[in-house]
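Here is the structure we will look at.
The values are calculated or read from the model by the stated rules, or taken from the named source; none is laboratory data. These numbers were taken from a predicted model, which means no experiment stands behind them. Quick reminder, even Gly has a Cβ in these numbers, built from the backbone with ideal geometry, and neighbours come from all protein chains shown. What goes into the accessible areas is simple: the full protein's heavy atoms, side chains included, and nothing from ligands, DNA or RNA. Shrake-Rupley method; radii C 1.70, N 1.55, O 1.52, S 1.80 Å.
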Amino acid sequence: MNRARQAFRAARRVLVITGAGISAESGIPTFRGEGGLWKGFDATQLATPQAFDGDPELVWEWYRWRKQICNEASPNPGHRAVAEMEHREGDFLLLTQNVDGLHPRAGSKKLVEIHGCIDQARCTRCASVFGVPASEGMPRCSDCGALARPHILWFGESYWAGTLDRGIAFARQADFCLVVGTSGMVWAPSAVALEAKQQGAFLVDVNPEQSQISSYADAWLAGPAGAILPELLAEVPE
Ligand code: BV8
Ligand code: ZN
């Protein structure tokens, strides 16, 4: 922890990458945890264009159910610590894989939600993006009336311009990269962390379990984000 804390305090350009684990303490079960988050469905089966084309009603029902869980959850000390890092650091970027909206609610501003946001819908025809309406059923586009889909990046879809590429560009200049609560199951966000490491950044992995990142990290802080991150930020008496 001390080596990580010193490296963080010396850092000038900090990249933070988060996954579902940082929201676990907010009561949002992770993709891999037993939590039954997906009503028994396998996320990689439902979070796909094929699933939506096949049964848009089921996919909307699933996302509305998750949206309710996310909207009722609150940011935890881990989210707040990441927002605090942004205030302290000159150059800072948060790349989150999470669609739960808890980072912006905790105060993070310099963030890219690379997989989208559960509160937004996108028109399947004119691609306009708008808030998911409270009314039940499948939302239609407020501009052209066509069916809307969740504004979420699904498995098998390519990253939107200005998301992953923005993270990779920042990773090339970062001197500290903090990865929190990700198994590394989806390869692209992990590739950004490894890019930072290859370019000389000090890489820290915060996860109660070993992840695919831990073995590359300069420090693996084994524990829950809600406890570890505030400790990483704590002032160390000289
Ligand atoms: C892409 C939104 C190429 C959905 C998500 C082309 C065609 C077809 C497939 C592919 C393809 N190219 C690549 C693929 C493969 C695919 C992929 O990676 N599949 C996996 C299953 C192998 N990738 C894609 O399709 C991606 N597209 O790569 O296109 C490309 C690249 C560049 C430029 C152009 C094109 C798109 C993937 C996006 C999928 N959408 N989310 C929704 O939410 O409904 S991914 C989703 O799953 C999450 O967002 C997240 O990314 C991932 C889950 O991973 P984690 O967040 O890590 O969560 P997980 O549960 O796995 O782990 C939690 C961790 O937390 C654990 O380690 C646990 O120990 C830890 N933890 C628990 N408690 C705590 C904790 N940590 C800290 N504190 C705690 N308290
Ligand atoms: Zn439209």
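Of note:
- With every protein chain in place, the chain: carbon and sulfur % of accessible area (1.4 Å): 51 percent
- Principal axes of the range 15-108: Cα extent on each, largest first, Å: 47, 23, 20
- Cα-based helix-to-principal-axis angle, 187-198 vs the chain, degrees rounded to 10: 20 degrees
- Placing +1 on each Lys and Arg Cβ and -1 on each Asp and Glu Cβ, with no other charges, gives the chain a dipole about its Cα centre of roughly 440 debye.
- Each 10 Å bin from zero up to the one holding the largest Cα-Cα distance in the range 50-161 carries the following percent of pairs: 14, 40, 31, 13, 2.
- Label-reachable residues, the range 102-122, where backbone N falls under 18 Å from a point 7 Å from A169's Cα toward its Cβ: 110-115
- What the chain shows is 46 Å² of accessible area per residue, with the surface traced by a 1.4 Å probe over protein heavy atoms.
- Length gained on full extension, R125 to S158, computed as 0.36 nm times the residue gap minus the Cα-Cα distance: 10.1 nm.
- Using the average count of surrounding beta-carbon atoms within 10 Å as a protection proxy, the listed peptides 21-31, 57-67 rank, highest first, as 21-31, 57-67.
- Equivalent ellipsoid semi-axes, the range 97-238, via Cα gyration tensor eigenvalues times 5, rooted, Å: 34, 17, 13
- Compared with the dominant Cα axis of the chain, that is its longest principal axis, helix 77-88 is turned about 70°.
- Taken over the range 157-238, the ratio of Cα radius of gyration to 2.2 N^0.38 Å equals 1.15.
- Dividing the mean sequence gap of close Cα pairs (under 8 Å, 6+ apart) by how many residues the range 178-238 holds gives a relative contact order of 31 percent.
- Virtual spin-label span in nm between F41 and Q212, 7 Å along Cα→Cβ: 2.4 nm
- Note on D91 and Q50: the extension gain reaches 10.8 nm, defined as 0.36 nm multiplied by sequence separation minus the Cα-Cα distance.
- Percent breakdown of C-alpha pair distances by 10 Å bin, ordered from the shortest bin, for the chain: 8, 32, 35, 18, 6, 1, 0
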